[in-house]
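Participant: Here you go, one structure.
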Amino acid sequence: MALLAAGIFFPFPAHSGPCGQCSVERLLSTAREKNLHADRYWHILMHYEKKLTGVESQVDDPDFFLAEDGKTDPEAELRATIRYLFDGETDAQEEAACRFYARFGWLKEELGGVLPQCFAGRDCPDIDRIDPRSASLIFPTYYMNNPASMFGHTLIIIDTAYTNKRLSNAVNYAAVTGGGDGLSMALSGLTGLYQGYYSVMPYYKKIQEYSDINQRDIWEYQLNLTPAELRRMVRHIREMDEIGSDYYFFDENCSYNLLYLIEAARPSVHLIDRFDLYAIPIDTVKAVKEEGLIVDAAFRPAKATRIDYLIDHLDTGEVAAAEAIIRGRTAPAALLDKPFSREEKIRILDLVVEVIQYQYVSKDLDKKSYRKQLLSALRVRSGLGQAETDWEAEIPVPPRPENSHDSRRASAGVGLRSGDVFYELRFRPALTDLTDMDYVHNQGAQIEFGDLRTRYYPESGRLTLEQFDIVDIVSVAPMDAIFKPLSWKFNTGWHRKPLENDGDASYYRVNGGAGAAARTSWLGMCYAMAEAELAVGGDLEADYAAGSGASLGTIFSLGPASKFHLYGRGLGFFAGDTHAEYTAGAIGNFRLSPNNHLSVEAAYKDAGQQHYEVLTAWHLFF
């Protein structure tokens, strides 16, 4: 499968010119004298990573290596590369140079002065004629009803002579999954069973995928790469054509592999070295910024953001008029007879057009219906002329995500539980909760992995594992006149709660739920969910408890530096250890600086024993 878009960005190379007389042994000798196999740029091109016993390339495709042990031996691979490029038939050498044009270009810089005839006439005009003008790192932000999108994605677009950015070439790295259910895809992504490939496609297709369908705003970060650096990037992209590597969801993922392209363009920066256990896309954007590569940023609101903005700025009657047209209950022309002003009619029809376009890209409308409805609405809209104000320019630009707090969080706190003082230490490797302000301001998304919470009670000398969530995901997505998303939650991990006559019970639980949410002007984002839970542990009667119940809550902000979550929850366990559990609480989070937050929590819990607790904690992000 040709994963790089042949004919769009990298048509198959042509070759020209003889290479002349060339001494391969002289090139090998010079390379050895210059110690080129240890050169950092050689390691960047080959994706070598330091290991305890040496280095190993993160590329897993044998077609990428020319030496049998090239994956782990940079010197053997360099020798094999020189022989492959210069020791053979002229035509084969020319084709080899184009296939490995990044390596050839680097060797030309390093060895071209020794035997220039070895490099003469070895051009690849189909690659050289590409005229990259600039490059941007693209970061689609988070979608409120898909918390997994917080791990997100990045890609690089390369602008050429086209002035329309939507026609730029988007360089993407992704796993080829071939479909499957969510669990199998997650396991394959975690264990490296997928192969990842670079690909090139028109940027407008990625805009359609992320902005129009997945409802994710896009940030475009222009990079300050020079023309020479851009050409090096293009050559390396070409060299990675159809080369596969094991894809890992947490570390060797899309964003991580894009860093090789930037290092291949500008080897003086160190990006790959910054990431070991995992590479979260927003962290890679921050790394690129810290290396001084970002010169400008542009915000591209998602289709859903545009629709939400229009809904928020129309009154109930205007939204109802738009909805009637969208649902086909009213013809667009009938709007002209309604008692709305011209400006109001323009915004109503603009909303209609945006929603019709969204329904089409979401495959909720077939092409015939889409064209009919869209043309009907546009015909009436064009008769109203230009609006007095440009509402698209009024869409507020959110805080830039690369200025948000870092992903890891360590917390230290002191609290009081039913009169007993305790000290709490907490660590969360990633990523955000409902009261974090930076990632999902005014949204209700939470995704946490490995959230560990321990307490020490000095009076009794007791040390407890209060909580260890393997994964905790909450998606509170408000419904409106157009969008009707489901709110949901899933949590699994170890927890502790006080049971009657048994003291605290430690158990492992799987909890999930679903419901609805609505945004209100006076109570923030309110939600209600039905939920079910299965708990397993030796402290429980029959070693388990199964139950169901409901939870209610609201999430709101009092300014950009604070966020609050009020909640209540009741569960009845009807099998195993039968008991009822009630919880009510409030959490307030205050930002002191991007990486320093202060949190205050208060809760009432009753699972057979009642107790109250308050906690003040300092969160340090790093």
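Participant: Placing +1 on the Cβ of each Lys and Arg and -1 on the Cβ of each Asp and Glu in the chain, which of 321, 556, 46 has its Cα farthest towards the positive end of the resulting dipole?
Facilitator: Among 321, 556, 46, the one farthest towards the positive end of the dipole of the chain is 321.
Participant: Further question on the same structure: How big is the range 469-622 along each principal axis, measuring the range of its Cα positions in Å and listing the largest first?
Facilitator: 47, 39, 27
Participant: For the range 477-601, which whole percent of the accessible surface, found with a 1.4 angstrom probe, sits on carbon and sulfur atoms? All intermediate terms of the calculation are to be shown ahead of the outcome.
Facilitator: Details: 3560 of 5530 Å².
Carbon with sulfur: 64 percent of the solvent-accessible area.
Participant: OK, next. Probe of 1.4 angstrom, ligands and nucleic acids ignored: what's the accessible area per residue over the chain, in square angstrom?
Facilitator: Dividing the accessible area of the chain by its residue count gives 44 Å².
Participant: Let me ask something else about it. How far, in nm, would the chain grow between residue 481 and residue 522 when pulled straight, counting 0.36 nm per residue and subtracting the alpha carbon separation? Present the calculation step by step, with values, prior to reporting the outcome.
Facilitator: Values: separation 41, 0.36 × 41 = 14.76 nm, distance 1.87 nm.
Fully extending the segment from residue 481 to residue 522 adds 12.9 nm.
Participant: Now a separate question. Order 372, 34 by their accessible area, 1.4 angstrom probe, all chains in place, largest first.
Facilitator: Ranking 372, 34 by accessible area, largest first, yields 372, 34.
Participant: Then there's this: Can you tell me how much longer the chain between residue 378 and residue 204 gets when fully stretched, taken as 0.36 nm per residue apart minus their C-alpha distance, in nm with one decimal?
Facilitator: Answer, rounded to one decimal: 60.4 nm.
Participant: According to a simple spin-label model (label point 7 Å from Cα along Cα-to-Cβ), what is the distance in nm between residue 366 and residue 313?
Facilitator: The two pseudo-label positions are separated by 3.6 nm.
Participant: Can you give the net charge of the other residues whose Cβ lies under 12 Å from the Cβ of residue 370, counting K and R as +1 and D and E as -1?
Facilitator: Local charge sum for residue 370: +3.
Participant: Then there is this: Helix-derived [θ] at 222 nm for the chain: sum -39500 (n - 2.57) over DSSP H runs of at least 4, divide by residue count, nearest 500?
Facilitator: Roughly -8000 deg cm²/dmol at 222 nm, from the helical runs in the chain.
Participant: Out of 96, 119, 130, whose Cα points farthest toward the positive end of the dipole of the range 53-140 (charges: +1 Lys, Arg; -1 Asp, Glu; placed on Cβ)?
Facilitator: 130
Participant: Still on this structure: In terms of solvent-accessible area of protein heavy atoms at a 1.4 angstrom probe, what is the ranking of 604, 423, 256, highest value first? Kindly include the intermediate steps, with their values, before the conclusion.
Facilitator: Details: 604 60, 423 115, 256 10 Å².
The ordering from most to least exposed comes out as 423, 604, 256.
Participant: With all protein chains present, calculate the accessible area of residue 114 using a 1.4 Å probe and round the result to the nearest 10 Å².
Facilitator: Residue 114 exposes around 40 Å² with every protein chain in place.
Participant: Can I ask one more? Treat each spin label as a single point 7 Å out from the Cα along the C-beta direction, and report the residue 128 to residue 418 distance in nm.
Facilitator: Going by the 7 Å Cα→Cβ label model, 8.1 nm.
Participant: Rank these by accessible area, largest first, 1.4 Å probe: 167, 592.
Facilitator: These residues rank, largest area first, as 592, 167.
Participant: Of 372/484; 303/372; 206/368; 165/368; 484/605; 165/205, which pairs sit farther than 22 Å apart, going by alpha carbon to alpha carbon?
Facilitator: Result: 372/484; 206/368; 165/368; 484/605 exceed 22 Å.
Participant: In whole angstrom, and with the biggest value first, how far do the Cα coordinates of the range 242-317 range along each principal axis?
Facilitator: Extents along the principal axes, in whole Å: 57, 30, 26.
Participant: Right, here's the next one. If R₀ is 30 angstrom, what is the calculated FRET efficiency for the pair residue 530 and residue 177, using the beta carbon separation as r and rounding to 0.05?
Facilitator: Values: r = 32 Å, r/R0 = 1.06.
It comes to 0.40.
Participant: Shifting gears a bit: Just tell me which lysines come within less than 26 Å, Cα to Cα, of residue 34; anything on the same chain fewer than 8 places away is out.
Facilitator: Output for residue 34: 50, 51, 71, 108.
Participant: Leaving out ligands, DNA and RNA but keeping every protein chain, what accessible area does residue 119 have, in Å² rounded to the nearest 10, with a 1.4 Å probe?
Facilitator: Here the residue's solvent-accessible area equals roughly 10 Å².
Participant: With the crude spin-label approximation of a point 7 Å out along Cα→Cβ, what separation in nm comes out for residue 273 versus residue 56?
Facilitator: Inter-label distance under the simple model: 2.1 nm.
Participant: Sticking with this one: For the chain, compute Rh as the Kirkwood radius over C-alpha pairs and then the Stokes-Einstein diffusion coefficient at 25 °C and 0.890 mPa s; write the answer in µm²/s, rounded to an integer.
Facilitator: Answer, rounded: 88 µm²/s.
Participant: Only Lys, Arg, Asp and Glu count, each charged at its Cβ (+1, +1, -1, -1), so figure out the dipole size of the chain about its Cα centre, rounded to 20 debye. Could the numbers behind the result be given before it?
Facilitator: Numbers: 63 positive and 87 negative charges, 360 e Å.
The dipole of the chain has a size of about 1720 debye.
Participant: Same structure again: For residue 471 and residue 191, what is the calculated FRET efficiency with R₀ set at 25 Å and r taken between the beta-carbons, to the nearest 0.05?
Facilitator: 0.95
Participant: Also, quick follow-up: With all protein chains present, how much of the accessible area of the range 359-457 (probe radius 1.4 Å) comes from carbon and sulfur, to the nearest whole percent?
Facilitator: Carbon and sulfur: 54 percent of the exposed surface of the range 359-457.
Participant: What's the ranking of 460-466, 189-195 by average number of surrounding C-beta atoms within 10 Å, highest first? If you can, show how the numbers build up before the last one.
Facilitator: On the way: 460-466: 12.0, 189-195: 15.4.
The densest-packed peptide leads the list: 189-195, 460-466.
Participant: Quick one: plug the Kirkwood hydrodynamic radius of the range 205-267 (C-alpha pairs) into Stokes-Einstein at 10 °C, 1.306 mPa s, and report D in µm²/s.
Facilitator: The diffusion coefficient I find is 116 µm²/s.
Participant: Turning to a different aspect of this structure: Report the gain in length on full extension from residue 224 to residue 410: 0.36 nm times residue separation, minus Cα-Cα distance, nm rounded to one decimal.
Facilitator: Separation in residues times 0.36 nm, less the Cα-Cα distance, equals 63.5 nm.
The values are calculated or read from the model by the stated rules, or taken from the named source; none is laboratory data. Values in this document were obtained by computation on a predicted structure and should not be read as measured data. Quick reminder, even Gly has a Cβ in these numbers, built from the backbone with ideal geometry, and neighbours come from all protein chains shown. These accessible areas exclude ligands, DNA and RNA; they are computed on the full protein's heavy atoms, side chains included. Shrake-Rupley method; radii C 1.70, N 1.55, O 1.52, S 1.80 Å.
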